[in-house]
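**Student:** This is the structure I want to talk about, given as structure tokens.
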Amino acid sequence: SDISILPNPNKGTFTIKGTLGLPIAIGNEEVTLELTDMLGQVVYKDKLTAKGGKLNEQIKLSEIANGMYILSLRSEAGIKVFHLVIEQ
């Protein structure tokens, strides 16, 4: 997969953009997004739809503390993990 999180660091608003990397991306695919803090506590969870295997979703998190987080994206293509820094 070729997915990026922009910008990083950010102020709680970021975009998940890219392709999932399936051999043939036909139709829509569900992607589970999970954001955890460094203690492993889930602070945000959502389901996104990758249209034709492509993601371009803006996420807005309000009232989230500054710090480093782990963003996990799960789909049929596998799991992609990112380190995300929030500085408000």
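The values are calculated or read from the model by the stated rules, or taken from the named source; none is laboratory data. Predicted model only: the values in this text are computed from it and were never measured. All Cβ positions, glycine included, derive from the backbone under ideal geometry; neighbour counts span all protein chains shown.
**Student:** May I ask you to say which residue of Glu76, Glu63 is free of Cβ contacts under 8 Å to residues at least 24 places away in the same chain and charged (D, E, K, R)? Write out each step before concluding.
**Tutor:** Working: Glu76 fails: free of Cβ contacts under 8 Å to residues at least 24 places away in the same chain.
None of the other options fit; the residue is Glu63.
**Student:** Something else now. Hey, Tyr44 hits all of (1) in contact (Cβ under 8 Å) with a residue 24 or more places away in the chain; (2) in contact with an Asp or Glu (Cβ under 9 Å, 6 or more places away or on another chain); (3) of a type outside the set (Val, Ile, Thr) but one; which does it fall short on?
**Tutor:** If we test Tyr44 against (1) in contact (Cβ under 8 Å) with a residue 24 or more places away in the chain; (2) in contact with an Asp or Glu (Cβ under 9 Å, 6 or more places away or on another chain); (3) of a type outside the set (Val, Ile, Thr), just (1) comes out false.
**Student:** Further, regarding this structure: Please go through region 62-75 and pick out each residue that is outside any strand (DSSP E or B), more than 18 Å from Leu39 (Cα to Cα) and at pLDDT 95 or above.
**Tutor:** Across region 62-75, there are no qualifying residues.
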